[in-house]
Structures are given as C-alpha cells and as structure tokens.
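The values are calculated or read from the model by the stated rules, or taken from the named source; none is laboratory data. All values derive from a computational prediction rather than experimental measurement. A quick note on method: Cβ atoms are made from the backbone with ideal geometry, for glycine too, and the neighbour counts reach across all protein chains shown.
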Amino acid sequence: RQEQYRALRDVPAITRDGVKIGLNLNAGLLIDFSHLDETGAEGVGLFRTELQFMVAQRMPSAAEQQALYRQAFAASGGRPVTVRTLDIGGDKILPYMAKLEEENPALGWRAIRIGLDRPALLRMQLRALLKAAEGRPLKIMFPMVATVHEFIEARKIVDREKAHLARHGYRLPQPCELGAMVEVPSLLFQIDEIAKEADFLSVGSNDLMQFLFAVDRENRRVADRFDPLSVAALRAFRLIADRAKAANCPVTVCGEIGGRPLDAMALIGLGFRNLSMSPAALGPLKAMVLSLDAGEVARLIEAEMTTMHDGQTLRPLLTSYAHDNG
Ligand code: PEP
Ligand code: MG
C-alpha cells in the first residue's frame, strides 16, 4: 500500500470529473517539511508554530524563531506555507510560562486572545516571520478568531510591524496575505464579513466540532458522541464553503477531518477544494480523489441533506457509496 501511494506522488490530485483538489500538509517542526517531497504535497496548509515553543525548555528568542522560519521556508522550496501564529493556552501549555488557574482552559485565555491582550509576543513572532520571508510570498493566519473585530485588530498589528520593518530597510513579503481560522462557531454567523475582511480562511474542524457540539476533543468519553457527517456539522461546513465562494475568498480545511478519506469526500462534495492534513494521510487521500466523481457526490449529499433530520449522519450512505465506487 505504501508503495502504491508513493507511486501517486507526482500524479496531480484531480477527480474523475476534472476537479482539482489542493492537498497540503500540516507541519509543526522542521522535520515535517521533509514530507513535502516525499508526499508530493502542494505546500504546507498549516504550520503550527507553537510546537517550537512547546518542545523548548524556555521561550524561544526572536533569533531562534526567525531561524526556524527561515529554514522552514527554505525546506518548502517555493511551495506556499501558511503559518499560524502562536496557538498557546487551552490544551497547549508552555512549561516555562506561569500556569493560569482557569476553570475552563479551552474557553480561556489562549491563542489570538493572548496575542491581542499582550501583543509583545505576537509582535516578536510577526517580526521574525516577516524578516524570514525575505521578500517571498507569506501567508499568516490567526487561531481562535471569535469576532471579525479581533481579526481587524490583529491585522493592524501586522501592518504596524510591516511599517516598522520597511522603515528599517527590510524587504517585505510580497504578497503578505492574512487569514482567519474558522474554528469558533461565532464566526459562522459573521461568515460573510470575515470572508470579506480576510484574504483566506482555514477551517479548524477539530476545534469547530469541539465547540459546535460542546464536546471536549481530548475526552474519549464524549469525543465519539458527535459525527462530522451529521446534519448540524454538514450544514456548518456547507455554510462556510458557500459563503467563502460567494465572497471569492479561498478556503482550506486543516483539521483532522480533511485527512480522513470518507469525511474529505463529503467536504469535496460540499464544495471545498483545498485540504491540509498529516503526512501519512496524503497518499490515501489522493487515491480517494483520483477515484472520485465530485459532481456525483455533491448531488448525493445535496439530496440527502434536504431530507436529513435529527441526529442522522451521512456516514453509512457515504460508506456504501465509496464501496460501490471503488
Ligand atoms: C483545528 O482546530 O482543527 C486545528 C487545525 O488546529 P489545532 O488542531 O492545532 O487546534
Ligand atoms: Mg484549533
């Protein structure tokens, strides 16, 4: 099987009916970038920069951050890399940072909230990124955005850093695109506005499902109680795909669901054209894409969703459809 997937490395990910699907990798540390060549991925759809912070004994310095980003960009060999700013707090604890006593860390002081309240750390990271790009294209996205206002505030911080670097003679990344992760359900109700403000969106389905269904993603007891192919989840995904398309805003799914063939098939049926996943998932995903008729799956899902009620899920139907169609 591994051999089979390796043989697909240079085969473009195009469905039987001619729909091109962008397959990207999720990365955290430098070693993950070596999988780009191995898998034939288009680029890195999610660079989890907090990993460098989580494996360190102390806060990485500006120079250390910049060095990692520079090496990562070099290792990507010109393929696009979407860098996510620090997503710390919640379940991502830094051993050297004073531990906050929070009743509900998942709902607490984390990710972009820390970045906006204490911008020194975010500014240091942004500066390292902007410098490391050395004039190359750069895509930066912010985690856990809950309101459009937060995104606008974050963009102001980026703009200030860019102006500062420009004044000091640095070459700025060209273009420098800014995106928002869609992983807090409140954004679903500001989806038109965020799609207009942001240069791109990326669906963090792990957290989006956690918060949509009020199910702790780390708690095995409840994690299986919902299905991303159930009607509530599918409607959420469809809303994002439809509204992003209407706003002409590129959108990727970078949560684990994008790397699971059956779930990814549903996402493609709902209109998503870009997925980002762990390296091991890419081969099987590409095999699925090559055997898929995207139009047929879209019609199947559309028809089912109009008649689905209560807690029903499309999983059994899509499983048998996948079986019947290789
Ligand atoms: C997500 O929430 O789906 C996501 C991609 O980010 P993380 O898993 O790092 O929270
Ligand atoms: Mg997340």
Odd one out for residue 216, checked against (1) part of a loop (DSSP other than H, G, I, E, B); (2) more than 16 Å from ligand 1 (Cβ to nearest atom); (3) in contact (Cβ under 8 Å) with a residue 40 or more places away in the chain: (2)
Some residue of segment 76-94 being among the charged types (D, E, K, R) and surrounded by fewer than 16 Cβ atoms within 10 Å (Cβ to Cβ): yes
Only one of these is farther than 23 Å from residue 176 by Cβ and either touching a Ser or Thr at 6+ places or on another chain (Cβ under 6 Å) or polar (S, T, N, Q) (or both): 66, 2, 52, 71. Name it. 2
Apart from one, (1) touching a residue at least 12 places away in the same chain (Cβ under 8 Å); (2) in a helix (DSSP H, G or I); (3) more than 16 Å from the chain's Cα centre (by Cα); (4) more than 12 Å from residue 112 (Cβ to Cβ) all hold for residue 163; the odd one out is (1)
Per the filter on segment 20-49, residues closer than 27 Å to residue 111 by Cβ and without any contact (Cβ under 8 Å) to a residue 60 or more places away in the chain are 27, 28, 29, 30, 31, 33, 36, 42, 43, 47, 48
Flag for residue 196 being away from ligand 2 (no atom under 15 Å from the Cβ), at pLDDT 95 or above, among the charged types (D, E, K, R) and within 30 Å of residue 320 (Cα to Cα): no
Just to verify a result, which residue in segment 168-193, among those that are within 16 Å of ligand 2 (Cβ to nearest atom) and not small (Gly, Ala, Ser), is surrounded by the most Cβ atoms within 10 Å (Cβ to Cβ)? 182
Restricting to segment 219-235, name every residue that is touching a residue at least 24 places away in the same chain (Cβ under 8 Å), assigned to a helix (DSSP H, G or I) and more than 20 Å from the chain's Cα centre (by Cα). 231
Just for segment 1-19: of the residues that are without any contact (Cβ under 8 Å) to a residue 40 or more places away in the chain and part of a helix (DSSP H, G or I), which one is nearest to residue 291 (Cα to Cα)? 7
Kindly establish whether residue 206 is within 30 Å of residue 137 (Cβ to Cβ), in a loop (DSSP other than H, G, I, E, B) and of a type outside the set (Lys, Arg). no
Exactly one of 275, 282 is in contact with a helix residue (DSSP H, G or I) (Cβ under 6 Å, 6 or more places away or on another chain), part of a helix (DSSP H, G or I) and within 16 Å of ligand 1 (Cβ to nearest atom), and that one is 282
For segment 59-85, which positions are in a loop (DSSP other than H, G, I, E, B) and at pLDDT 95 or above? 60, 61, 76, 79, 80, 85
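The rows are residues; the columns are (1) modelled with pLDDT under 95; (2) surrounded by 15 or more Cβ atoms within 10 Å (Cβ to Cβ); (3) in contact with a Pro (Cβ under 7 Å, 6 or more places away or on another chain).
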site: 221; (1), (2), (3): yes, no, no
site: 231; (1), (2), (3): yes, yes, no
site: 237; (1), (2), (3): no, yes, no
site: 245; (1), (2), (3): no, yes, no
site: 251; (1), (2), (3): no, yes, no
site: 254; (1), (2), (3): no, yes, no
site: 260; (1), (2), (3): no, yes, no
